[in-house]
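Taking it in order: structure first as structure tokens, then the write-up.
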Amino acid sequence: MSFLYYKDVIEEEDLVMAFISRNDIKPMIVKSGETLNTRYGVFPHDLMIGARYGEQIASAKGYGFIHLLQPTPELWTLSLPHRTQIVYTFDSSYVVQRLRVLPGSRVIEAGTGSGSFSHAFARTIHSNGRLFSYEFHKPRYEEAKGEFECHKLPNITLTHRDVCTDGFKVDGVNVDGDAVFLDLPAPWEAIEHLDEVVAKDRRVSICCFSPCIEQVVKTIEALTAKNWNGIEMVEVSGRKWEAHREMVRDVDEAVARLKDIKKRAVAGLERKRKLNQTSDEFENEDIDIQTTEENDISHKEPAGKGETDLKPKSDQNTKDRGYNPFGKGMRIREGDPAYNWINVTRSEPEVKSHTSYLTFAYRNQ
Amino acid sequence: MSFLYYKDVIEEEDLVMAFISRNDIKPMIVKSGETLNTRYGVFPHDLMIGARYGEQIASAKGYGFIHLLQPTPELWTLSLPHRTQIVYTFDSSYVVQRLRVLPGSRVIEAGTGSGSFSHAFARTIHSNGRLFSYEFHKPRYEEAKGEFECHKLPNITLTHRDVCTDGFKVDGVNVDGDAVFLDLPAPWEAIEHLDEVVAKDRRVSICCFSPCIEQVVKTIEALTAKNWNGIEMVEVSGRKWEAHREMVRDVDEAVARLKDIKKRAVAGLERKRKLNQTSDEFENEDIDIQTTEENDISHKEPAGKGETDLKPKSDQNTKDRGYNPFGKGMRIREGDPAYNWINVTRSEPEVKSHTSYLTFAYRNQ
Amino acid sequence: MPGCNIIEEGKHVLVRLPSEAVKVVLLKGDSCISLGKFGTFSVSGVLGYKFGQSFEILENKLVKPVCSLIDDSKPLLLEDSNTFSENNQNLINTGSLVQKLSTQDIEELKKQGKGQDIINQIIAGHDSFGKKTQYSQEKYLKRKQEKFLRRFTIDYLGASEMLQYYRLKDPQRVLDMSNESLGLILSYANIRPGGNYILVDETGGVLLYAMLERMENEGSILVAHENEHPNLIALNYSNYSPELLEKMVSNLNWLQFLEADTQRPQWNNYPQEKIDRLTPPRRSHYLRKKRAADRVNNILDTVEQGNFDGLIYASTLYPPTLIPRILDTLGGSRPVVIYSPFKEILSETFHVLQKDYRILAPSIYETRVRQYQTIIGRIHPLMTTKGGGGYVLHATRVIPKEGGVTAVGRG
Amino acid sequence: MPGCNIIEEGKHVLVRLPSEAVKVVLLKGDSCISLGKFGTFSVSGVLGYKFGQSFEILENKLVKPVCSLIDDSKPLLLEDSNTFSENNQNLINTGSLVQKLSTQDIEELKKQGKGQDIINQIIAGHDSFGKKTQYSQEKYLKRKQEKFLRRFTIDYLGASEMLQYYRLKDPQRVLDMSNESLGLILSYANIRPGGNYILVDETGGVLLYAMLERMENEGSILVAHENEHPNLIALNYSNYSPELLEKMVSNLNWLQFLEADTQRPQWNNYPQEKIDRLTPPRRSHYLRKKRAADRVNNILDTVEQGNFDGLIYASTLYPPTLIPRILDTLGGSRPVVIYSPFKEILSETFHVLQKDYRILAPSIYETRVRQYQTIIGRIHPLMTTKGGGGYVLHATRVIPKEGGVTAVGRG
């Protein structure tokens, strides 16, 4: 029951989340004799048995490393192949808090989907709560069923059922649910079946999870018709921020660099003059003028190809750069102490800008 | 025409934006003999005539100061009393860029509303462009008319009209619009009237500005029916960030403070013992124990009132605080160099989380 | 959760008003509670109902149960676009609205607890209502509802409700923490029954309360703090018994936590004969002091043993220097969750943790809930929202391989 | 704006593809342009149409105009909820979809330029399409449209389009600036014909291009930069003539700008008789150098005169030390607009400017556009968006009262 309790030492048959990289987390059941193959090397399970959860281990050849983590619902969600739309932690953590799901809660979930939210519910309702989860897609039902067993989650009752047509009743059990989560294309068809399974002696909360606004409208209508109160609809927008360092590039250094360039250009011209043996009949200084003339922005790059690749001109002088306060043209490690840095944050390059609308309501009778 | 050109020196009859504070910006026409009364004092207009735009001036009594700013559409928007829903700069700046409104553009705007967006349009289309603005609310029309005249915006043609019923035609003028902005409760009723006034020889762009999603749906249907292409709907969410400093409170200082407290407490006990002349028969040190006992969190504050005010206990010792690295109980100016600070940002306490949905489309024929 | 189903005497509860304000009140059986302009009700009238029940105040401080805080069963506004005017075209003077309902009429309806009827009649009697724009209508109705709906809802005062109460009243009291940030913290910190957590809580105990809710009387929380006593005032309004709190919650200040060696109470047991000789008050004093000393020593023992199941940190003490000094007390693969109102502070913390081999994959999260108006026909996000809400840094405590650790395969 | 109405030969244009990718191409009259899997078309077929026109590629590189990039006139999906299955219940194997349209059929339709028909027939022939969830359907259609719609749209290559092109290709090239940030910059900087602006532009000239668009050949822009030459490559693909650019745009590096006294070209005019004696090539060399020297001196004169109408700053040079050194060149009540991809950098700048009496009311803004899917019946925000987009600091240059300035009345 590793999703429900912490454990310190890994034993045979334990579930371990192998953290290979942020984007590569592999769940596995540890079995003597088997191996985990990663791009960082091969890791025999025998090295894991007896190791502590959280430990970093080296590959068989000793050059690559992975961490052996305890499973959590959040880690499980990250590790999932995207079989269906997954309810991510930003949404699931809010839904759990908002529906007041606590140890001992009796939760109704339809559909099960990837089962990732089921894990989060199971963790929080814990051993004396119960999750009634319904999935009508047979292969997905089978997969979730196997997973819940393998993950030792006895507090989940999984049913293969289309709740929109057949409702939520479970043979021989009083469902008596106090929190409902509907992640269905047409939650309004399921809402009418809830009356027979939700608790009568306490407040019942519901959340319907729908991507489109039109689904929300139908859901609100259905909830209103079935006397649900306090209807509220929200979106949860989650951002993950990356922390980085940006070089602090002082203008004084830029000016010093320009002076250096100018000095070197003058020296270069002197050399050239001497080499060419030409007596200079213009006393005027060439440097500024040359700079200005070449700055002519009306210069057009010849663009003869069908598609023009608007790339900046590559730097010509790749060798001696003279005074180079910002390491121009060099590979500089972020945070290199030879330079000044400022801590900055940026969001991921691609942001999940929408998952679903969450329609909440509750009922007292 | 101060909205269209910069001016350096303030003259009689000029429009000046008196910047009193961030939330108090007063537009005024400068007139010899008049005065501006603010909570920072009285400012005779005569002090303004001949002053430069941007100048800070002192009140007649010399104790308060204001800045005299040039009008801009953005400042004007800030200064407006909220007669109606205003199109704010986050939205208007995006609409102008997205509709490709440029000097010379011919823009159709309905309704005029507060006229704040009209100013932004007029600034950008400039002297050889034209804004056709329509307002059907008579008092608002009158007010805008006066404003546009007073602000010397001759590039605006304002019409008192319900465009949904009576269309956009203007007597004696070929409207020939290439950008359309509809800020109406029912833009779909106006869309059908656009055919007769939009340009035929170039691409025409439209933006409909509606608060509710249901309005968007009807707008999309109407645009589709009238052969507008490239329909896109977006929201613009703008945030204003406040920059502040937070004290860097190092745990070592906190520990040092706790040591000081302990030392003083021990000293206090010693004094007390001596005063009471009691021989202490317990050798055990009192301090830790006392601390722990008083920490008992199960202690309940007596709450006899109808409403409980969940306030933290007020600090008892307001006098000598001993070692006080974080200035506890003292008034500390943000950024006081006696302490360490980190720059932080926070959003405004109240955020404009929604203005309207923006539905864009264009047409080529 | 005991006591979270039925409205009972002696509990602190959350009262929601039509103005969206919330209050915390103590339900004393024979008392009356004043809700200001919304009226006064006697507590006895609300007892026995389920939490979440709404009431309307009648005459004589009586209440009747109603189905919701705002009567949304009858749509106040028709869905047709024609019910609202296009931009107040014909509404000349919004100041002097013609009202056909007399003050007397209104008072009469009020006494009958017919707030919604008042509003409906006001609208019907309001000549120019239909000439207002949608926005003005929405605003007008809201104002009237706040004024005439003498209704309230009684909610269970859980951690979320407590947080909402404080955040509306004085956001800094709870470090500007939003409910969604709280939910994220609890999920990433993997809070559940049986866990043994270290908590640094400057929300006045609201975070502690939220953790206790998810632990169902099993496990322990060690609260570390910087003053003589931790401020956990919020628990005074929870329904946890002193005994349960005594069992589950302990606390240490940072001096004790970080310099445990020198801070152990030096306790010497008396020989039994000496104890026997003590007068009864002296003896109980001795025993109380002994228990207290034992208690501190026990807490320091748990810190020395370490292997805590998570560190939850919501404090204005600067985390970059503090967090690395307490990481060793955590067990392997256990979460570190740091909350701050400021992303910049978490960003500094991130850079420190990223270099620490005891930490895996630190991430900074921001979660924001955006609420909609849900009137069918005029669905839109609320026009204004409370700013802020905080940021959450999550990382995992790991056990680095001794000796040759390379960066390969490390997030 | 000349040339922004009709698709003409010799222009650089933006080509939009159904995959949402964009390309910049030069329309050479007798050439063909390959759009990869979307086909190849000959340029002559698209000339003379209005910008914004969409085309479908037929056989022999011919095109026909079509009304939109994706045929949205016929709704591909019915609105009834029954057209999509509830969670793929009966769709067992999503890998091997039964397709009734043969490859031959598809090729035939392709030649006829009937990409939409292909898609419709594929859907009709797809036994399990109706059994897919809404998400799978949307994804599937998008894939098919990208594959079979041999369509493209030709857009005018304005500054917004250039920005979009670069930002999709390599966001750092344009400092990750979004179109909405660009719009905000232009509004707050009050860009309009006749203005004289100082610009620091590390977007490769895209920002300069955007400013020029709003200035209609009137006014001037002084570009300050840190290298020997400013990088303004984007202008090479604009429709501005070299003469116009020469007239409106000048540039200085920071050495010249900040140390103008020592950086003036030391130019001595020759006596006329000496000029007359020069050989023709020598003379033209002399005159060219003279003009260049005059030009630099003129630019330095304008810097000395100051009274610029605005400072627009989009650079990776750290603003806190630089901005205060150039403030004096601005006229009173003129805007300072600083763009940065990082809020932290603007926050540092804010604190510096807030203490500067030449600056009034600095504010940091963030603007983000969120796009929706607009298929009626399934309206929702796009599931993913590009992150970032930058931040904008706006402040006003003011003229502090000499002597006794108090903080009263200062924002």
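The values are calculated or read from the model by the stated rules, or taken from the named source; none is laboratory data. Computed from a prediction, not measured in an experiment: that's the story for all the values here. Glycine gets a Cβ as well: all are built from the backbone with ideal geometry, and neighbour counts include every protein chain shown.
Of the strands (runs of 3 or more DSSP E) lying entirely inside region B:39-125, the ones with 1 or more residues being of a type in the set (Gly, Ala, Ser), in contact (Cβ under 8 Å) with a residue 24 or more places away in the chain and touching a helix residue (DSSP H, G or I) at 6+ places or on another chain (Cβ under 8 Å) are found at B:106-110. In region A:103-123 there is no residue that is among the β-branched types (Val, Ile, Thr), assigned by TED's automatic domain parsing to the domain that holds A:GLU232 and more than 22 Å from A:THR359 (Cα to Cα). Here A:TYR53 passes the criteria (1) among the aromatic types (Phe, Trp, Tyr); (2) buried (at least 24 other Cβ atoms within 10 Å of the Cβ); (3) over 26 Å from the mean Cα position of the chain (by Cα); (4) in the same structural domain as A:SER21 (by TED's automatic domain parsing) except the one numbered (3).
Summed over region C:320-356, the residues that are of a type in the set (D, E, K, R), closer than 18 Å to A:HIS244 by Cα and without any contact (Cβ under 8 Å) to a residue 40 or more places away in the chain give a count of 4. Evaluate region C:338-357: report whether one residue or more is in a strand (DSSP E or B) and facing another protein chain (nearest Cβ under 7 Å). Checked region C:338-357: no residue is in a strand (DSSP E or B) and facing another protein chain (nearest Cβ under 7 Å).
Counting only residues that are surrounded by fewer than 18 Cβ atoms within 10 Å (Cβ to Cβ) and of a type in the set (S, T, N, Q), which one in region D:226-238 is nearest to the other protein chains (Cβ to nearest Cβ)? If you could, list the steps in order and put the result at the bottom.
Within region D:226-238, the subset surrounded by fewer than 18 Cβ atoms within 10 Å (Cβ to Cβ) is D:227-229, D:231.
Okay, now just the ones that are also of a type in the set (S, T, N, Q), so D:227, D:231.
Numbers: D:ASN227: 8, D:ASN231: 6 Å.
For region D:226-238, the residue satisfying everything is D:ASN231.
Quick test for you: out of B:GLY64, B:GLY54, B:GLY104, B:GLY113, pick the one residue that is at the interface with chain D (Cβ under 7 Å from one of its Cβ atoms) and at pLDDT below 95. Break it down stepwise before answering.
On the way: B:GLY54 fails: at pLDDT below 95; B:GLY104 fails: at pLDDT below 95; B:GLY113 fails: at the interface with chain D (Cβ under 7 Å from one of its Cβ atoms).
Criteria check complete, one pass: B:GLY64.
Taken together, B:VAL251, B:VAL234, B:VAL266 contain a single residue that is among the aliphatic types (A, V, I, L, M), under 30 Å from B:GLU348 (Cα atoms) and not assigned by TED's automatic domain parsing to the domain that holds B:ARG161, which is B:VAL251.
Within region A:126-153, the residues that satisfy the criterion of being surrounded by fewer than 15 Cβ atoms within 10 Å (Cβ to Cβ) and without any contact (Cβ under 8 Å) to a residue 40 or more places away in the chain are A:ASN128, A:LYS138, A:GLU142, A:GLY146, A:GLU149. Failed condition for C:GLN256, given (1) more than 25 Å from C:SER220 (Cα to Cα); (2) at the interface with chain B (Cβ under 10 Å from one of its Cβ atoms), with all others met? For C:GLN256, the failing item is (1). Residue count for region B:159-190 under the criterion of being closer than 27 Å to D:ASN5 by Cβ and in a helix (DSSP H, G or I): the result is 3.
Assess whether D:GLU243 counts as being closer than 30 Å to D:GLU9 by Cα and loosely packed, with under 12 Cβ neighbours inside 10 Å.
Details: closer than 30 Å to D:GLU9 by Cα: yes; loosely packed, with under 12 Cβ neighbours inside 10 Å: yes.
For D:GLU243, the condition - closer than 30 Å to D:GLU9 by Cα and loosely packed, with under 12 Cβ neighbours inside 10 Å - is met.
Do you know which of the residues in region A:6-43 that are more than 9 Å from chain C (Cβ to nearest Cβ), loosely packed, with under 12 Cβ neighbours inside 10 Å and in contact with an Asp or Glu (Cβ under 9 Å, 6 or more places away or on another chain) is farthest from A:HIS151 (Cα to Cα)? Checking each candidate, the answer is A:GLY33.
Going by the conditions given, is B:GLY33 more than 28 Å from B:ALA122 (Cα to Cα), within 26 Å of the chain's Cα centre (by Cα) and either at pLDDT 95 or above or not basic (Lys, Arg) (or both)? Don't jump to the end; show me each part of the working.
On the way: more than 28 Å from B:ALA122 (Cα to Cα): yes; within 26 Å of the chain's Cα centre (by Cα): no; either at pLDDT 95 or above or not basic (Lys, Arg) (or both): yes.
When the stated conditions are applied, B:GLY33 does not pass them.
Criterion applied to A:ARG346, A:ARG271 was being at pLDDT 50 or above, within 12 Å of chain D (Cβ to nearest Cβ) and not in a loop (DSSP other than H, G, I, E, B), and the one residue passing it is A:ARG346.
Against the condition surrounded by fewer than 19 Cβ atoms within 10 Å (Cβ to Cβ), under 19 Å from A:ALA254 (Cβ atoms), more than 9 Å from every other protein chain (Cβ to nearest Cβ) and free of Cβ contacts under 8 Å to residues at least 40 places away in the same chain, how does D:PRO280 come out, does it pass? Outline the logic, then answer.
Values: surrounded by fewer than 19 Cβ atoms within 10 Å (Cβ to Cβ): yes; under 19 Å from A:ALA254 (Cβ atoms): no; more than 9 Å from every other protein chain (Cβ to nearest Cβ): yes; free of Cβ contacts under 8 Å to residues at least 40 places away in the same chain: yes.
No: the conditions fail for D:PRO280.
Which residue out of A:ASP195, A:ASP171, A:ASP178 is touching a residue at least 12 places away in the same chain (Cβ under 8 Å) and surrounded by fewer than 20 Cβ atoms within 10 Å (Cβ to Cβ)? Answer to the check: A:ASP195. Quick check on region D:171-191: of everything there that is assigned to a loop (DSSP other than H, G, I, E, B) and either touching a Pro at 6+ places or on another chain (Cβ under 7 Å) or at pLDDT below 95 (or both), which residue is nearest to the other protein chains (Cβ to nearest Cβ)? Taking the candidates together, the pick is D:ASN190.
Using the structure shown, decide if D:ILE33 is without any contact (Cβ under 8 Å) to a residue 60 or more places away in the chain and closer than 30 Å to D:MET215 by Cβ. Break it down stepwise before answering.
On the way: without any contact (Cβ under 8 Å) to a residue 60 or more places away in the chain: yes; closer than 30 Å to D:MET215 by Cβ: no.
For D:ILE33, the condition - without any contact (Cβ under 8 Å) to a residue 60 or more places away in the chain and closer than 30 Å to D:MET215 by Cβ - is not met.
Cβ-Cβ distances below 7 Å connect the following pairs, each with a first residue in region C:359-381 that is under 18 Å from A:THR89 (Cβ atoms) and at the interface with chain B (Cβ under 9 Å from one of its Cβ atoms), a second residue that is assigned to a strand (DSSP E or B) and among the hydrophobic types (A, V, I, L, M, F, W, C), and a separation of six or more residues or different chains: C:ARG370/A:VAL234.
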